[in-house]
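Take a look at the structure set out below.
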Amino acid sequence: MIPPETAHAGSASPLLELKNVSKSFGGVSALRDVDFDVARGEIHGLVGENGAGKSTLMKIIAGMHHDFQGQMLIEGREVRFRNPHDSLALGIGMVHQELSVAPDLTVAENVFLGTQPTMWRGVIDWAGMAKAARKQIASLGLDIDPRTRMGSLPVGIQQLVELSRVLFSGARIIILDEPTSALSPPEVDRLFRILRHLRKERRSLIFISHFLEDVLAISDRVTVFRNGRNVATVDAAATSKDQLISQMIGRGAKELSAGESAELTGSGSKPVVLAAQKLSQGSLLKDVTFDARAGEILGIYGFMGCGQIELARCLFGKLPPDSGTVMLQGNLLPLTSTVAARQAGIAYVPENRRMMLFPTEPMYKNISISILQGIHRLWLKPQAERDIAQRHISDLQIRPANVEMRVGQLSGGNQQKVALAKWLTDKPKVLILSEPTRGIDVGAKEDVIRIIRALRDQGVAVVVLSTEPETILTLADRVVVMKRGRVVKAFEEGHVEKADLLAAA
């Protein structure tokens, strides 16, 4: 429930206002004629699916994009920022989801990052800095020794220290990007108390989140973006999570396009290949249990920060869990290294394909690198590598079909095919794919989907992790939903819609 004194904050004269804002990237429209405003002393929630335009708008406000059409006004005066320094100078600060703290520096050094107070001849006033930092973080209800190394603190505390730095800069408009995604319920409560206190100080906050319950709990008004447009701005107290989801996905009619719904087939009769039991890793994963079966695609869905990436890394040995086990075909799988995972028959294509590709090397070397031991005993055999690569290039329709072309010269979709080809000479028992269709064009996406389904049909247990519900619904035979490090729901078979996934997450 919104306190009475703030329930109509949006009716006051806007502190920040954007009118008819449009922005394109390479001919692709990211924002189209967007109107958006924030009143003084208001918490304004902003929601929408991935790619709806939220981040683009915030980057315009924060001075990261200046070549846009339309107007931006602060207190009725039109402004156009050349860079983030201009934005900060007019009192706009942003706390990013990916924190920009320096973990090896102290709390005080992080609060004053780039603005350390100095004495004579430029000597840093360490004592004065520590005293001022203690006062600043105490204003947020934190009792921390400012000499503490930042990296030793929990994520929730680090986030508040970064917020403290933004406040110390004098920001009166504060953008919070997914501020609760990595926080425990008590940490969320503490953050909300601080945000309400800032609202009483007449600061204005833009609260961006996929967690609709959080948005409704803290916001005065909520704006919904869909396909680069502002489709609704409503009083938070007068709407519901289901109504927001309906506005986000635009379901005015019963007809649903591809990727909007699916008929899950289940796979209860197929043998379990991979079984995770009570996997935990710090605050990132909490008692995660699921199984993946031969000849199925298991979709794991959740919003950014739900723990998917950490789960994939645990399964591939890149991030050792604190507790829990993983069984592969009934045998305990050591989660100690990527080498052990590969030898056991697990393959992994991460969300950032550049993490596993060498952009300056030719395609054939990128494709053959995972099987060099099998084809090179005492010396290199480049022709054998080229022959294997040529076969995969033909099967996967990689274009151009030139084994000598450097991977960095390929399109994003063709790079993704090369990343898949790397694992196909010796077919894995389990293939883990993180965001397999992100950032590639429609044609390449269809090819990647075809490849993944073909691997399933050949008996591979495929685990697809994605923040895009369309990807999950297009590919999955079963779906597991994660939220804040936990498995919260499983859809085994039958009809499921995008709205069902969004509601569960």
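The values are calculated or read from the model by the stated rules, or taken from the named source; none is laboratory data. All figures in this text were calculated on a predicted structure; none of them were measured in a lab. Quick reminder, even Gly has a Cβ in these numbers, built from the backbone with ideal geometry, and neighbours come from all protein chains shown.
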Find the residue count for region 118-138, including only residues that are of a type outside the set (D, E, K, R) and exposed (fewer than 15 other Cβ atoms within 10 Å of the Cβ). 8
Search region 281-302 for residues being among the hydrophobic types (A, V, I, L, M, F, W, C) and crowded, with 20+ Cβ neighbours inside 10 Å, and hand back the single one that is farthest from Ala461 (Cα to Cα). Leu284
The condition from (1) crowded, with 24+ Cβ neighbours inside 10 Å; (2) of a type outside the set (Lys, Arg); (3) over 22 Å from the mean Cα position of the chain (by Cα) that Glu492 misses is numbered (1)
Looking at region 19-32, can you tell me whether even one residue there is closer than 28 Å to Phe192 by Cβ and in the same structural domain as Leu160 (by TED's automatic domain parsing)? no
Among the residues in region 311-319, are any surrounded by fewer than 21 Cβ atoms within 10 Å (Cβ to Cβ), outside the structural domain of Phe211 (by TED's automatic domain parsing) and not in a helix (DSSP H, G or I)? yes
How many residues are outside any loop (DSSP other than H, G, I, E, B), of a type in the set (Gly, Ala, Ser) and out of contact with any Phe, Trp or Tyr (no Cβ under 6 Å at 6 or more places or on another chain) when one looks only at region 45-69? 1
Is one or more of the residues making up region 31-44 on the phi > 0 side of the Ramachandran plot, part of a loop (DSSP other than H, G, I, E, B) and in contact with a helix residue (DSSP H, G or I) (Cβ under 9 Å, 6 or more places away or on another chain)? yes
Considering only residues that are within 19 Å of Ile74 (Cα to Cα) and of a type in the set (S, T, N, Q), look in region 15-37 and name the one that is surrounded by the fewest Cβ atoms within 10 Å (Cβ to Cβ). Asn20
Inside region 80-177, counting only helices (runs of 4 or more DSSP H) that do not spill past its ends, which hold 2 or more residues that are in contact (Cβ under 8 Å) with a residue 24 or more places away in the chain and in contact with a Ser or Thr (Cβ under 9 Å, 6 or more places away or on another chain)? 107-111, 126-138, 155-168
In region 197-215, which residues are part of a helix (DSSP H, G or I), in contact (Cβ under 8 Å) with a residue 60 or more places away in the chain and in contact with a strand residue (DSSP E or B) (Cβ under 7 Å, 6 or more places away or on another chain)? Arg199, Leu212, Val215
Only one of Ala62, Ala102, Ala138 is under 28 Å from the mean Cα position of the chain (by Cα), more than 19 Å from Glu17 (Cβ to Cβ) and of a type outside the set (Phe, Trp, Tyr). Can you tell me which? Ala102
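Need at least 3 residues that are of a type outside the set (A, V, I, L, M, F, W, C) per element, so show me which strands (runs of 3 or more DSSP E) inside region 401-505 make the cut, counting only ones lying wholly within it.
Because the criterion is at least 3 residues that are of a type outside the set (A, V, I, L, M, F, W, C), the strands (runs of 3 or more DSSP E) in region 401-505 that meet it are 494-497.
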Taking region 380-404 on its own, how many of its residues are acidic (Asp, Glu), at pLDDT below 85 and closer than 14 Å to Ile369 by Cα? 1
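In this structure, does Asp104 turn out to be touching a helix residue (DSSP H, G or I) at 6+ places or on another chain (Cβ under 7 Å) and loosely packed, with under 13 Cβ neighbours inside 10 Å?
Here the answer is yes, as Asp104 does meet what is asked.
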